[in-house]
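The values are calculated or read from the model by the stated rules, or taken from the named source; none is laboratory data. In this text, all values refer to a predicted model and were calculated from it rather than measured experimentally. Glycine also receives a Cβ, built like all others from the backbone with ideal geometry; neighbour counts cover every protein chain displayed. For accessibility, only protein heavy atoms count, side chains too; no ligands or nucleic acids. Shrake-Rupley method; radii C 1.70, N 1.55, O 1.52, S 1.80 Å.
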Amino acid sequence: QVQLVESGGGLVQPGRSLRLSCGASGSIFRIYDMGWYRQAPGKQRELVALITNGGGTNYADSVKGRFTISRDNAKNTAYLQMNSLKPEDTAVYYCNGRIQQKSVARPNDYWGQGTQVTVSS
């Protein structure tokens, strides 16, 4: 089995920063892409940022220049540094990983439980 666990969410004032972490554990052979998604009340889940196992990144237009995704392959961990936060960034943030388990031929998508980020004065 594979588990993704997020941490680092909370309540923050507009303009401040937060750093989210997502650790993968379990019977892992290889981690491919890792990404952060978010879902605000009444809205669909959307991609925020994605990072490949080679370090390539992709961002939603709404967060470009403010958010930075990174990963530490030795720790099986991805991070999302969020700067200049806005009230519209308020959402539950989910970590996603495309992970191949040991003794399994193909990778599967795994999700964390989500962490709440609230931006409010």
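Beta carbons closer than 9 Å, at least 6 apart along the sequence or on distinct chains, pair a first residue in the stretch 94-108 that is more than 11 Å from Leu4 (Cα to Cα) and touching a residue at least 12 places away in the same chain (Cβ under 8 Å) with a second that is in a loop (DSSP other than H, G, I, E, B) and of a type in the set (Lys, Arg) for Gln100/Arg106. Can you name the residue in the stretch 79-93 that is assigned to a loop (DSSP other than H, G, I, E, B) and not hydroxyl-bearing (Ser, Thr, Tyr) and is also surrounded by the most Cβ atoms within 10 Å (Cβ to Cβ) among such residues? Result: Leu85.
If the condition is being on the phi < 0 side of the Ramachandran plot and open to solvent by 30 Å² or more (accessible area, probe 1.4 Å), then the stretch 2-17 contributes Gln3, Val5, Ser7, Gly9, Leu11, Gln13, Pro14, Arg16, Ser17. Scanning the stretch 30-68 for residues that are within 17 Å of Ser7 (Cα to Cα), open to solvent by 40 Å² or more (accessible area, probe 1.4 Å) and not β-branched (Val, Ile, Thr) returns Tyr37, Gln39. Among residues of the stretch 17-45 that are closer than 26 Å to Pro87 by Cα and in contact (Cβ under 8 Å) with a residue 24 or more places away in the chain, those with a Cβ under 6 angstrom from a residue that is outside any strand (DSSP E or B) and of a type in the set (D, E, K, R), sequence gap 6+ or separate chain, pair up as Tyr37/Arg45; Gln39/Arg45.
Considering the stretch 13-41 alone, what residues qualify as being more than 15 Å from Tyr110 (Cβ to Cβ), of a type outside the set (S, T, N, Q) and modelled with pLDDT of 95 or more? Can you show your working first?
Within the stretch 13-41, the first condition is being more than 15 Å from Tyr110 (Cβ to Cβ), and the residues that meet it are 13-21, 38-41.
Narrowing the set further to residues that are of a type outside the set (S, T, N, Q) leaves 14-16, 18-20, 38, 40-41.
Scanning the stretch 13-41 gives Pro14, Gly15, Arg16, Leu18, Arg19, Leu20, Arg38, Ala40.
One residue stands out among those in the stretch 35-73 that are among the basic types (Lys, Arg) and not in a loop (DSSP other than H, G, I, E, B): the one that is farthest from the chain's Cα centre (by Cα), which is Arg71.
Pull up the stretch 99-113, narrow it to residues that are within 12 Å of the chain's Cα centre (by Cα) and surrounded by fewer than 17 Cβ atoms within 10 Å (Cβ to Cβ), then point me to the one that is farthest from Thr52 (Cα to Cα).
Gln113
Given the residues Asn96, Asn76, which is the only one that is at positive phi, under 15 Å from the mean Cα position of the chain (by Cα) and either of a type outside the set (Gly, Ala, Ser) or surrounded by fewer than 18 Cβ atoms within 10 Å (Cβ to Cβ) (or both)? Exactly one of Asn96, Asn76 is at positive phi, under 15 Å from the mean Cα position of the chain (by Cα) and either of a type outside the set (Gly, Ala, Ser) or surrounded by fewer than 18 Cβ atoms within 10 Å (Cβ to Cβ) (or both), namely Asn76.
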